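Here is the structure we will look at, set down as structure tokens.
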Amino acid sequence: MATDVRFCKAILWPSVGKMEQIRLTKVLGFTVFELMVAVLVLAVLSAIAVPNFRATVQNNRLTSQANELITALQLARSEAIKIARPVSVCPSSNGTSCGGSWAQGWIVVQDNAPAGSNSVTPGLVVRVWPALPGDAFFDSNVGSNPVFVRYLPNGMVDRQAGVAYPVTLALRVPDCSRDSARNIRIGTSGLPSATRVQCD
């Protein structure tokens with residue numbers, strides 16, 4: 001009797017194994033409906049994530065560019081105090097003289113013009129900044145966009161030079177979203193600061 005049972009198991013075992021293999025094969029597959037649901041979920045998540053990613057990229061880019069201008073203003077102020085003579089920051093399209101728009105770049109230059117003068121007389125160029133990368137710009141409709149910022153040996157801005165302080169430079173990008181825009185403000189003391197603001 002025991003021999004018969006072993007014989008029956010030996011005969012039945014391969015067929016049971018094949019049935020389990022067939023079941024596993026069916027479990028591992030996807031139906032068309034399941035695939036469509038997965039694609040739909042992926043599309044919804046992408047629609048939510050892409051705008052957030054875009055805003056993050058804009059925010060980081062404008063933060064970096066605003067910090068570059070603030071660095072230039074702080075350098076000019078410290079240089080004016082150090083050498084005890086006027087130092088100006090002005091837009092420059094060629095990196096050697098003042099002229100053009102702030103988006104084309106700017107320079108920190110020792111200013112040979114006397115305090116109160118309405119223009120810069122460039123002396124030694126202390127440092128040059130290139131044009132803003134990408135399509136960033138300073139919006140003249142929002143900010144005041146001064147022609148130059150002159151620092152005096154006492155570290156204050158030259159308020160007699162035809163620039164009414166405080167002034168604001170409005171840094172923007174065409175496809176700005178949410179609160180990625182930046183306003184760079186130069187107060188009457190000459191200290192610059194950047195503020196994150198809503199896009200216009």
Practice task
For segment 89-97, indicate whether the set of residues that are over 25 Å from the mean Cα position of the chain (by Cα), crowded, with 21+ Cβ neighbours inside 10 Å and not β-branched (Val, Ile, Thr) is non-empty.
Solution key: no
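So, VAL108, is that one among the aliphatic types (A, V, I, L, M) and touching a Leu at 6+ places or on another chain (Cβ under 6 Å) or not? Even if it seems obvious, please write down each step before you answer.
Values: among the aliphatic types (A, V, I, L, M): yes; touching a Leu at 6+ places or on another chain (Cβ under 6 Å): yes.
Taking the combined requirement at face value, the residue satisfies it.
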Exercise for the section: State which residue pairs qualify: first residue without any contact (Cβ under 8 Å) to a residue 60 or more places away in the chain and inside segment 123-141, second residue of a type in the set (D, E, K, R) in any location, beta carbons under 7 Å apart, and separation of 6 or more residues or different chains. Expected result: GLY123/ASP111; VAL126/GLU79; PHE137/ARG172
Exercise for the section: State all residues of segment 127-141 that are open to solvent by 50 Å² or more (accessible area, probe 1.4 Å) and not small (Gly, Ala, Ser); if no residue qualifies, say none. Expected result: ARG127, VAL128, PRO130, PRO133, ASP135, PHE137, ASN141
Problem - Count - residues of segment 176-200 that are closer than 19 Å to SER140 by Cβ, surrounded by fewer than 18 Cβ atoms within 10 Å (Cβ to Cβ) and under 16 Å from the mean Cα position of the chain (by Cα) - result: 4
Problem - Answer residue from segment 142-166, given it is closer than 18 Å to LEU132 by Cβ and not small (Gly, Ala, Ser) and is surrounded by the most Cβ atoms within 10 Å (Cβ to Cβ) among those - result: VAL149
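The values are calculated or read from the model by the stated rules, or taken from the named source; none is laboratory data. Note that the coordinates shown come from a computational prediction; the quantities given were computed from them, not determined experimentally. Neighbour counts are summed over all protein chains in view; Cβ atoms, including those assigned to glycine, are modelled from backbone coordinates with ideal geometry. SASA here: full protein model, heavy atoms, side chains in, ligands and nucleic acids out. Shrake-Rupley method; radii C 1.70, N 1.55, O 1.52, S 1.80 Å.
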